[in-house]
Structures are given as C-alpha cells and as structure tokens.
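Enquirer: Sharing a structure, written as structure tokens. Questions coming.
The values are calculated or read from the model by the stated rules, or taken from the named source; none is laboratory data. What you are looking at is a predicted structure, and each value in this text was computed from that prediction instead of being measured. Don't worry about glycine lacking a Cβ; one is built from the backbone with ideal geometry, like all the others, and counts go over all protein chains shown. Protein only, heavy atoms only, side chains kept; ligands, DNA and RNA dropped before computing areas. Shrake-Rupley method; radii C 1.70, N 1.55, O 1.52, S 1.80 Å.
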Amino acid sequence: MCTMSAAAVAAWLGTVYIVHAYDTKRSALHERNVRVEQSVALKQRTALYRDVVTILSRSHADRNVYPSAGVLFVHVLEREHFKGEFPPYPKSGDASNDPITFNTNLMGYPDRPGWLRYIQRTPHSDGVLYGSPTAEHVGKPSVIEITAYNRRTFETARHNLVINIMATEEFPLPYQAEFYIKNMNVEEMLASEVLGDFLGAVKNVWQPERLNAINITSALDRGGRVPLPINNLKEGVYVMVGADVPFSSCLREVESPHNQLRCSQEMEPAISCDKKFRAQFHIDWCKISLVDINKVVPVYITRPDPGTGILPEFGEYNPPSESLRSRDYFSDFLVTLAVPAAVALVLFFILGYTMCCRREGVEKRNMQTPDIQLVHHSSIQKSTKELRSMSKNREISWPLSTLPVFNPVSGEVVPPIHPDNYETTSMPLMQTQANLQNQITIPQQRPSGKWYS
C-alpha cells in the first residue's frame, strides 16, 4: 500500500511538472509575441518619423520616466485610469463620466519644478504635464505627486511620478527655430498626432537629418490676451524645434527687407513655403525666431555663493545689563518743540506788525484818489441815500389783508393778518381795492363827454 502511494505521488508530481513547464513555455511564447508586435509597431512609427525625437508616456501607476535634456517631455494624466480609484467602483458596462481634476507638485514643495508645466482645460478632459528639461536637471530625480480629485464624490487618489532626466550628446541641436501657430491651443498641439504632423511639415521645408521638438509654450504665458469665445478663436502656441543643418532658404525669406517692411506695416509677409503649413497650421511668419546657438555669445554672470543656508555659530546671546545710563531727552525736546514754537512766534509778530501798524488809512487813500472821482463817488452816495429816505416816507394804501375786519354779527374787530410793522416798500404799485382810506380817486369821463370823480 505504501509502495502504491509512492508511485501515485511520483506520477502526480510528474504530471504537475509537465503542466507547469507547458504553462511556462506558453507564457514565454506569448510574451515574445507581444514584444514582436510592439517592435513592429515601433519600427512602423520610426519609419514614419525617423528623425523626430519626442518623449511621450502614459500614466498607469507610480512609475519612472526617463526624458532627455533638451527634448520635449509630455506626460498624459488619463481620467480613465483614475476612475477605478474612486469607490464605489463603476459596474461593468456603465459609463462613468465623473468630473476629475488633478493637482501636481514636487514632493515636499507646493509647486512643480520650473521647467514643468501642467494644463487641464475642463474637469472632463485629461491633464497633461509637459516641458523641456535642461542640462542643469540631469541626474536629479524629481518625484511629482499627482493627486486626482473626484468632484462628484470628493474622493482623492494619489500617485507618484519619478522623472529621471538623462543627458544626451546630440542635444541641444545647433539650429533652433520658434514658430507661432495662431489656430492652435497648447493642449491641442501637445497631442502626438498633431505634433507629428507639424514636425513632418517642418521637415519637408527644412530637410534636416535630425529634427526635434524642444519646447511648447502657450501664447498666454508670453503676455498674450485671452481670445473672445467667438468664431472659434484660439489662444495661439509657440513651438520651438531644433535641427542639425542650417536654416533653409524658405525660412530665411522672412529676414528679407521686403518682408520686414511688410511686418512693420502689420501686413502678412510673402513666404513661398507657407502653403505647406496652411492646410492645418496658420503660422504668423512675422513672429518666427531663428537662432544659431553656435553664434550666440555666452554671458557668464558671477553669482555669490549661496552657502548651506545655515547661519554661522555666534555663541550664546548675551543681553545688555540692567545698569544702563539713563538718556537725557531735554535736547530732543528743544529741537522737536521749542524751536518750531519760537519760529512760529516770530512769524506771528511780523504778521501782526504788518496788519496793524502798516495800514495806509482812508485819508491816504483819498489823497491818492483824483478829485473828480471823489466827487462822482460822493454824488452817487448822496443820491442813493435820498432815494432810500424817499421810499420810506411815501404813502401807499394798505391792502385789504392788512385792514381790520368787522364781524357784522358780534361787532368785534378782527386784527389784520399782517402786523403793524408791515413793510410798505414791498407793496404793489398798482392797487385794485375800492373804498380804501387814503386812496386817490382818478377822474373818469362820462359817456356824454363830462368828467366826474
């Protein structure tokens, strides 16, 4: 029985080993087929843009990426990848369109590195990290914390992206051209298909052996204005590319005096190769920049040594002793209050002497005035006084409102409305009341021709 059990165990182990070996061989074969397919696809893309060097990557988890210095780096933060991070998990077959936004920062710091930018147009679109690292960042891994926010459930998910910048001998390329594309936004230009089409058009015009996208910048970062949301206007984007051969004659056409004059008059220059871009990209040729870094004179600025950031050791702090000599503030008081007060007093006496002791007087004024002017002024004064006295003495009948009113029932007299000191000078010159005291009767003529009063 023991022998049969040992034989059965040996047969079972042999079967398990054969199955395991078959599965291992099958897995290896499958991985090799996948590598072959990826290699074929890579060769096909390389054949399409053999000399276009652009680092593109996808966000799938905490991962390491290896961009090259002087090469455009683009990293897409896919919303689809982060949707499964937020509970409750969406069921299979259900479409989840939760608004998701991203926050990116360097680990331990509130913001990203200076060369790295981030853009996400809406919460329903993917986020994009992009930028062009320089040689100063080579060998310095940067850990970027990516935090995704679900704006519906307020859940968060965090991944880390480790950026290891590699040094390359062929970069930077010596000839660099920067184009301004008017009909593109930065997130549209960062798409691999659009960027590949643009580099292909530049390659047809420039004919370089190696072509590289160096950097992409939004026009808003260069001081551009936000366009109005009409007629499908775009913000505009600056695209810098580099090549290993001098600029072509087509690119040099913008430097001609004729085109420079047209640009100064805000007119579109005549560029022969513009039609190769016009189908998809509207380039402002007046804003193109051509730079040959071999002719650029480097400027070396001497900067002070920042040091370690730690203050040197000065020993213990010794506060001042309590036996300090008291300070006399009397001199300060004199300077602050007494001196301005003395100056103000002197000015007061000078002003008083000028106003009170230096008056000319009426006699001196009359002596300096011509006699005819004094006589004329005096006559005007006398006439004015005489008219005023005559106006006070004139007799004018009182209006009805000022006379006593007799009540026929009670027999009492009601005092007038106005008091006795009623000003007669304000009476109307024409009186219309009848049977009033002191009223002058004007004679009138009868119909027969006789007069009566």
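Enquirer: Indicate the gyration tensor shape class of the stretch 101-184 (rounded, prolate or oblate), computed on the Cα atoms with a ≥ b ≥ c the square roots of the eigenvalues: a/c under 1.5 is rounded; otherwise a/b larger than b/c is prolate and the rest oblate.
Expert: Oblate shape, in that a/c is at least 1.5 and b/c is the bigger or equal ratio.
Enquirer: Give me the percent of accessible area attributable to carbon and sulfur for the stretch 348-398, probe 1.4 angstrom.
Expert: 58 percent
Enquirer: Say the dipole of the stretch 145-222 comes from +1 at the beta carbon of Lys and Arg and -1 at that of Asp and Glu; which of SER218, PHE179, PHE154 then lies farthest toward its positive end?
Expert: Sorting the options by dipole projection puts first PHE154.
Enquirer: Given points 7 Å out from each Cα along the Cα-Cβ axis, report the LEU324 to CYS357 separation in nanometres with one decimal.
Expert: If labels sit at LEU324 and CYS357, their model points lie 5.1 nm apart.
Enquirer: Taking R0 as 56 Å, what FRET efficiency do you get between ASN183 and ARG63 from their Cβ-Cβ distance, rounded to the nearest 0.05?
Expert: 0.95
Enquirer: Sticking with this one: Suppose every Lys and Arg Cβ carries +1 and every Asp and Glu Cβ carries -1, with no other charges. What dipole size does the stretch 63-165 come out with about its Cα centre, to the nearest 20 debye?
Expert: So the magnitude is around 60 debye.
Enquirer: For MET184, what residues show an amide H to amide H distance below 5 Å, using hydrogens built from the backbone and excluding near sequence neighbours?
Expert: For MET184, whose amide H was placed from the backbone, the distant partners under 5 Å are GLY236, VAL237.
Enquirer: Where the centre of each part is set by its Cα atoms, how far does the stretch 270-287 sit from the stretch 209-256, in angstrom?
Expert: Answer, in whole Å: 11.
Enquirer: Expressed as a whole percentage, what fraction of the accessible surface of the stretch 63-165 belongs to carbon and sulfur atoms when a 1.4 Å probe is rolled over the protein heavy atoms?
Expert: After summing per-atom areas, the C and S share lands at 50 percent.
Enquirer: In addition: Determine how large the accessible area of THR156 is when every protein chain is in place; take a 1.4 Å probe and give Å² rounded to the nearest 10.
Expert: So the heavy atoms of THR156 present about 80 Å² to solvent.
Enquirer: Now a separate question. How much length is gained on full extension from GLU255 to ARG151, taking 0.36 nm per residue of separation minus their Cα-Cα distance?
Expert: Gain in length upon complete extension: 32.3 nm.
Enquirer: Hey, can you grab everything whose amide H is under 5 Å from the amide H of ASP244? Only 5+ residues off in sequence or another chain; H modelled, so Pro and N-termini drop out.
Expert: GLU209, ARG210
Enquirer: Further question on the same structure: Could you order the peptides 355-368, 138-151 from most to least packed, using the average number of other C-beta atoms within 10 Å per residue?
Expert: Taking the mean over residues of other Cβ atoms within 10 Å, the ranking is 138-151, 355-368.
Enquirer: When ranked by the protection proxy of mean other Cβ atoms within 10 Å per residue, highest first, what sequence do the peptides 322-334, 194-206, 376-388 form?
Expert: Highest-to-lowest ranking by the protection proxy: 194-206, 376-388, 322-334.
Enquirer: Further, regarding this structure: In Å², what does the accessible area per residue of the stretch 63-165 work out to with a 1.4 Å probe?
Expert: The answer is 50 Å² per residue.
Enquirer: Moving on. With all protein chains present, calculate the accessible area of THR336 using a 1.4 Å probe and round the result to the nearest 10 Å².
Expert: For THR336, the solvent-accessible surface is approximately 90 Å².
Enquirer: Excluding ligands and nucleic acids, what accessible area in Å² is computed for SER289 using a 1.4 Å probe, to the nearest 10?
Expert: Taking all protein chains as shown, SER289 has close to 40 Å².
Enquirer: Residue-wise, which Karplus ³J(HN,Hα) couplings in Hz belong to the stretch 344-351, taking 6.51 cos²θ - 1.76 cosθ + 1.60, θ = phi - 60°, and x for glycine or proline?
Expert: My calculation for the stretch 344-351 gives 5, 5, 4, 5, 5, 5, 5, 5 Hz in order.
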